[in-house]
Each structure stands twice: as C-alpha cells, then as structure tokens.
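Single-structure report; data block below.
The values are calculated or read from the model by the stated rules, or taken from the named source; none is laboratory data. Keep in mind it's a predicted model, so treat the numbers as computed, not measured. Cβ sites come from the backbone with ideal geometry, for glycine too, and all protein chains shown count toward neighbours.
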Amino acid sequence: MNLAILRVHNGFFVMDVEILSRIQFAFTISFHYIYPPLSIGLGLVMVFMEGLYLKTRNPQYEQLARFWTRIFALTFGIGVATGIVMEFEFGTNWATYSRYVGDVFGSALAAEGVFAFALESGFLGILLFGWNRVKPPVHFFATVMVLLGSMFSAVWIVVANSWQQTPAGFHIVGEGMQARAEIIDFWAMVFNPSSVDRLTHVWIAAFLAGAFMVLSVHAWYLLKGRFVEVSKKAIKIALSIALVASLSQLLTGHHSAAGVAENQPAKLAAFEGHFEASAPADLYLFGWVNKETEEVTGLKIPGGTSMLVHGDFEEPVAGLRSFAEEDRPSALNAIFQFYHLMIAIGMALIGISVLACFFWWRGTLFEQRWLLMLLVPSVLLPQIGNQVGWFAAEMGRQPWVVYGLLRTSDALSKAVTANQVLFSLIMFTFVYVILLGLFLYLLNKKIQHGPEDDESIAHRPQQEAMMDNVQP
C-alpha cells in the first residue's frame with residue numbers, strides 16, 4: 001500500500017480513508033505520548049528528591065520536590081485530557097478492529113483503570129495538596145504510589161499494544177469480518193512474547209524523558225545564576241538517573257530487537273533495509289533505502305545485524321524478499337530512518353550522560369558552561385526518540401494491525417467517509433495546537449517563577465514543628 005492521501009479512482013482523485021484514519025490516529029497518539037513518559041520520569045525524580053529530604057532534612061530537597069510536583073500536575077492533567085480522544089477513535093474509525101480485539105483490549109484497559117489509574121489518581125490529591133496536611137513520610141508514600149500508578153498504567157497500555165505485535169493466549173471466535181479474538185489464557189496474553197521487552201524499553205525511555213527535563217531546566221537556571229544551590233542538587237539527582245537509564249536502554253533495546261528478529265522478521269528486515277531472502281544482514285549506521293532498486297546506500301558494518309541477532313557475522317537473516325510483497329511494510333525508507341534516528345538519539349543520550357558524569361567526578365561539572373548550554377536543549381532528545389521509536393515499531397508492523405491475523409485495510413469502519421475523517425483531523429489539529437500552546441505557556445510560567453524562594457525555606461522548620469502534632 002502506498003502512503004498517499006490521494007489516489008486515482010475512475011479517473012478522479014479521491015481521498016484514501018485508510019491513510020487519513022492512520023494519520024489521524026498517529027497524530028492524536030503522538031501528541032498524547034508527549035505527556036505520559038514525562039509523568040513517569042518526573043515521578044521517579046520526585047521520589048528521589050523527597051526521599052533525600054526525609055533522609056537529610058535538607059529543606060532544599062523539599063523545595064525541589066514541591067517545584068517539580070507542580071510541573072508534574074500540569075503534565076498529568078494535559079496527558080489525561082489528550083488520551084481520551086483515542087478511545088473514541090477506536091469506535092469511530094476502526095470498528096472492525098475494535099470488534100476483533102475488544103475482548104483483549106477490554107481486559108487490559110479495565111486492568112489499567114482498576115490497578116493503575118485508581119492508584120495514581122487516588123494518591124494524587126495527597127501529593128498535590130497534602131504538603132502541610134500530612135506528615136512527610138505519609139506524603140512521601142503518596143509520591144511513591146503516584147509513581148507506581150503511572151508505571152502500572154504503562155504496563156497495561158504496552159501489554160495491549162504488544163499483543164497486537166505478538167498475539168498470544170487467545171482463540172478466534174466467528175468467521176470472516178465477524179471474527180474476533182477471545183482470551184483463553186489471561187496471563188499468556190499479558191506476558192506475550194514482546195510485552196516484557198517493550199515495557200522495560202518504554203519505562204526506561206520515560207525515565208530519560210523526566211531526567212533530561214530536570215537537567216535542562218536546572219542547567220538553564222545555572223546559566224542565568226538563579227537557584228544555584230538547589231539546581232546543583234537537582235542536576236546531580238537527574239544525572240544519576242540519566243546515566244543508569246541511558247546505559248540500561250542499550251540492554252533493553254538489544255533484547256527488544258532480538259525479539260523482533262524472532263517474532264516479526266519482516267519488521268527487522270525493514271529496520272535494516274535487508275532485502276536478500278536469506279543472507280547475512282549488514283548493520284547500517286546511517287543510509288538511504290531505495291525501495292524500487294532494493295538497495296541501501298550508506299555506512300554499514302558488514303554482517304553486523306547477523307552478529308547482534310545470532311552472534312555470528314555470517315549467519316543468514318530473513319530479508320524482505322522472503323515475504324510476499326503484500327505482506328511487507330511499505331514505507332521502507334521512513335521505517336529505516338525512524339529506527340536509526342532512535343538509535344542515534346539513544347547513543348547521544350549515553351554520550352551526554354557519561355560526559356557530564358565525567359566532569360562531575362572531576363568536580364568541575366558546574367564550571368563547564370558549554371556543557372550546561374548543551375543540557376538545555378537536550379530535553380528534546382528523549383521526546384524525539386520516543387516518537388520515532390513508536391513510528392518505527394508501528395509502521396514496521398504494517399500491513400497488519402494485529403500481526404499475521406488482521407490487516408489494517410480490513411480494520412476500518414465501513415460507514416466512515418474520508419471527508420468525515422479529514423474534518424475531524426483538522427478539528428483535532430486545531431484543538432491540540434491550542435492545548436500545546438497552553439501547556440508550553442503554563443510550563444514556561446512555572447519555570448520562570450522557579451522553586452520557592454529562600455524566605456519560604458527559612459520558615460520550613462517552624463512548619464515541621466507544627467506537623468509533629470498533626471495526625472495523617
């Protein structure tokens with residue numbers, strides 16, 4: 001299938017409802033996916049900040065925790081608002097798909113509501129409004145529960161999506177377009193062949209998103225000479241998380257790629273532009289895929305993909321020619337570029353983290369203005385990496401919406417027209433641009449204001465003394 005909005009039918013150009021529906025869903029989920037990783041990552045940073053406050057009783061750690069709680073609340077609110085739209089899109093644009101996966105998605109989303117969202121939202125009130133109403137250990141417990149709730153929410157979303165990539169624990173009921181998947185083994189569905197690898201990859205990417213946002217903001221403060229002491233502490237916390245997470249992402253990425261090689265070989269072939277039906281697969285550092293000539297031009301390590309997958313440079317890997325043309329991903333160059341950009345960003349995050357830690361070890365981190373200037377825009381790298389990684393994974397699964405079982409072209413709603421999808425896409429774009437502008441405005445306002453000033457910190461011991469007489 002050619003990724004073109006317009007196609008020729010009976011001599012006229014008509015809009016393709018499938019491509020429009022895919023663009024609409026990709027747009028809405030891409031916008032939504034800005035916020036949940038930030039919520040998870042900032043939640044982890046807040047746990048460390050508040051934990052250090054409980055351990056040291058240094059009010060600067062509480063100052064940081066309070067500041068980042070306000071930004072977390074903004075991120076959480078926008079994330080919830082933008083996520084609701086996608087559930088309606090399942091029913092409006094993808095009715096056949098919704099019927100086919102309804103039992104699977106229903107159980108996973110119900111589990112998210114019961115085990116994750118209820119936990120997160122239940123303790124969110126204490127996190128936001130309980131600073132002077134409950135004792136510090138109780139507030140810290142609420143912060144941990146909010147973090148766990150956000151991580152559990154990711155569990156069930158990733159499980160549902162991973163089931164589409166590697167279905168397990170089900171059987172098919174009905175025939176033809178009325179067929180649907182019915183769960184026969186809930187835990188086999190949860191622990192399908194790709195869910196654990198993909199979940200750890202998503203979690204660590206979220207930790208990186210939160211850590212680099214903290215690094216960016218507090219590096220900017222240091223460059224401006226504002227909130228110097230608390231910013232130094234915040235950077236040390238975030239940098240520790242960034243170093244561990246960025247290095248860990250190498251391991252989870254390798255395991256995830258190995259799983260793709262075993263369970264979705266056509267996707268792996270698209271990732272690396274590997275066309276030969278059975279031959280050693282090269283590992284490209286960068287390149288350009290020519291779908292027509294079935295060639296890739298770029299810098300490569302001969303047999304590198306074979307080595308990573310099988311431990312042998314000469315071991316054959318299934319290429320795109322081993323699959324029927326209608327079963328291959330279509331947008332090969334886009335998939336190739338997205339995949340390699342994700343890897344390049346991952347390596348850049350490792351490089352930045354290691355370099356900053358080197359200067360931290362030498363005791364000169366905060367004297368390197370060029371490095372602080374590098375940290376300020378680095379907040380964009382995890383966000384871009386998350387987006388292009390998702391694009392590569394989802395586009396690489398095509399032409400299947402449920403891998404090997406249901407084609408994307410068969411999953412559409414039969415009653416929805418291209419004009420209706422286009423109108424709703426324009427409307428969503430307008431609304432989401434407003435929401436993005438509002439988010440950036442409020443985020444900038446909170447960052448410009450910064451943490452509480454030194455005077456409010458000075459009154460903290462009096463508040464703590466009062467809190468000793470308050471019951472949780």
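Computed values, structure above
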item	result
Those residues of the range 214-230 which are surrounded by 24 or more Cβ atoms within 10 Å (Cβ to Cβ) and closer than 23 Å to Gln383 by Cα, in sequence order	Val214, Leu215, Val217, His218, Ala219
Neighbours by Cβ (under 7 Å, 6+ apart or cross-chain): first from the range 155-176, closer than 9 Å to Ser194 by Cβ; second outside any helix (DSSP H, G or I) and small (Gly, Ala, Ser)	Ser162/Ser194; Gln165/Ser194; Thr166/Ser194
Positions within the range 261-312 being of a type in the set (A, V, I, L, M), surrounded by 15 or more Cβ atoms within 10 Å (Cβ to Cβ) and touching a residue at least 40 places away in the same chain (Cβ under 8 Å), in sequence order	Ala261, Ala266, Leu268, Ala269, Ala270, Ala279, Val289, Val296, Leu308, Val309
Breaking point among (1) in a helix (DSSP H, G or I); (2) closer than 30 Å to Leu375 by Cβ; (3) at pLDDT below 95, for Ala266	(2)
Scope the range 64-99; condition of a type in the set (A, V, I, L, M, F, W, C), under 24 Å from Trp400 (Cβ atoms) and without any contact (Cβ under 8 Å) to a residue 40 or more places away in the chain; matching residues	Phe88, Phe90
Residue in the range 249-257 that is among the hydrophobic types (A, V, I, L, M, F, W, C), within 23 Å of the chain's Cα centre (by Cα) and surrounded by fewer than 17 Cβ atoms within 10 Å (Cβ to Cβ) present	yes
Lone qualifier among Glu367, Glu314, Glu325 - being closer than 25 Å to Glu394 by Cβ and over 27 Å from the mean Cα position of the chain (by Cα)	Glu325
Scope the range 390-430; condition surrounded by 14 or more Cβ atoms within 10 Å (Cβ to Cβ), part of a helix (DSSP H, G or I) and of a type in the set (A, V, I, L, M); matching residues	Ala392, Ala393, Met395, Ala418, Val421, Leu422, Leu425
Conditions (1) crowded, with 19+ Cβ neighbours inside 10 Å; (2) modelled with pLDDT of 85 or more; (3) more than 25 Å from Arg66 (Cβ to Cβ); number of the one not met by Ile126	(3)
Inter-residue pairs, beta-carbon under 8 Å, first among the small types (Gly, Ala, Ser) and in the range 371-390, second in a helix (DSSP H, G or I) and surrounded by fewer than 19 Cβ atoms within 10 Å (Cβ to Cβ), 6+ apart	Gly385/Leu341
Selected residue (criterion: farthest from Leu38 (Cα to Cα)) from residues of the range 383-434 that are small (Gly, Ala, Ser) and at pLDDT 90 or above	Gly396
Qualifying residues in the range 291-321 (those that are in a helix (DSSP H, G or I) and among the hydrophobic types (A, V, I, L, M, F, W, C)) - the one nearest to Lys267 (Cα to Cα)	Leu320
Any hit, the range 176-192, residues being closer than 29 Å to Ile34 by Cβ, polar (S, T, N, Q) and in contact with a strand residue (DSSP E or B) (Cβ under 8 Å, 6 or more places away or on another chain)	no
Residue tally, condition surrounded by 17 or more Cβ atoms within 10 Å (Cβ to Cβ) and more than 14 Å from Val159 (Cβ to Cβ), over the range 93-117	8
Members of the range 185-237 that are of a type in the set (S, T, N, Q) and either over 21 Å from Trp390 (Cβ atoms) or assigned to a helix (DSSP H, G or I) (or both)	Ser195, Thr200, Ser216, Ser231
Conditions (1) part of a helix (DSSP H, G or I); (2) touching a residue at least 40 places away in the same chain (Cβ under 8 Å); (3) in contact with a Phe, Trp or Tyr (Cβ under 7 Å, 6 or more places away or on another chain): number failed by Thr143	(3)
The range 34-85, residues that are among the hydroxyl-bearing types (Ser, Thr, Tyr) and more than 23 Å from Asn444 (Cβ to Cβ)	Tyr53, Thr56, Tyr61
